[in-house]
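Values quoted throughout were computed directly from the atomic coordinates according to the rules given, and no laboratory measurement underlies them. What you are looking at is a predicted structure, and each value in this text was computed from that prediction instead of being measured. Every residue, glycine as well, gets a Cβ built from its backbone with ideal geometry; the counts of neighbours run over all protein chains shown.
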Amino acid sequence: GVEGIDIVVSEVDSKTETIKITVKGTKINYDALSKVMDRHGVSVRGIDEISVAKV
């Protein structure tokens, strides 16, 4: 599950805020995470990077 989240606001205009969200953890359920973000008004415009490590 999710073990940590970092949020950085990179741009603010009159109607929107552009943020970068970094989600850290193992076995993250993207569908569940996406639903939570959607309930809070977050629109995912793209996923720029995915890192995978064998543990």
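Are there any trypsin sites (Lys or Arg not before Pro) in the chain that are in a DSSP loop and have at most 12 other Cβ atoms within 10 Å? List them by number.
Passing both the DSSP loop test and the Cβ count: 15, 27, 45, 54.
Could you list the residues of the stretch 13-48 with an amide nitrogen less than 16 Å from a label point located 7 Å from the Cα of residue 3 in the Cα-to-C-beta direction?
From the stretch 13-48, the list is 22-29.
Once fully extended, how much extra length lies between residue 34 and residue 10, figured as 0.36 nm per residue of separation less the alpha-carbon to alpha-carbon distance?
Length difference between fully extended and current span is 6.6 nm.
³J(HN,Hα) across the stretch 30-44 via Karplus (A = 6.51, B = -1.76, C = 1.60, θ = phi - 60°), whole Hz, x for Gly/Pro?
4, 4, 5, 4, 4, 5, 5, 5, 4, 4, 9, x, 8, 10, 7
Assuming a strict under-21 Å limit between Cα atoms, what lysine pair count do you get for the chain once near-sequence pairs (fewer than 8 apart, same chain) are dropped?
5
Please turn the phi angles of the stretch 11-23 into ³J(HN,Hα) values with the Karplus equation 6.51 cos²θ - 1.76 cosθ + 1.60 (θ = phi - 60°), one per residue in order, whole Hz, x for glycine and proline.
Once θ is set to phi - 60°, the couplings for the stretch 11-23 become 7, 9, 10, 5, 10, 9, 10, 9, 10, 10, 10, 10, 9 Hz.
What is the log10 of I(q)/I(0) for the chain, computed with the Debye formula using one identical point scatterer on each Cα and no solvent, at q = 0.29, 0.31 Å⁻¹?
Each listed q corresponds, in turn, to -1.47, -1.52.
Once the other residues with Cβ under 14 Å from the Cβ of residue 17 are scored (Lys, Arg +1; Asp, Glu -1), what is the net sum?
Combined, the nearby Lys, Arg, Asp and Glu give +1.
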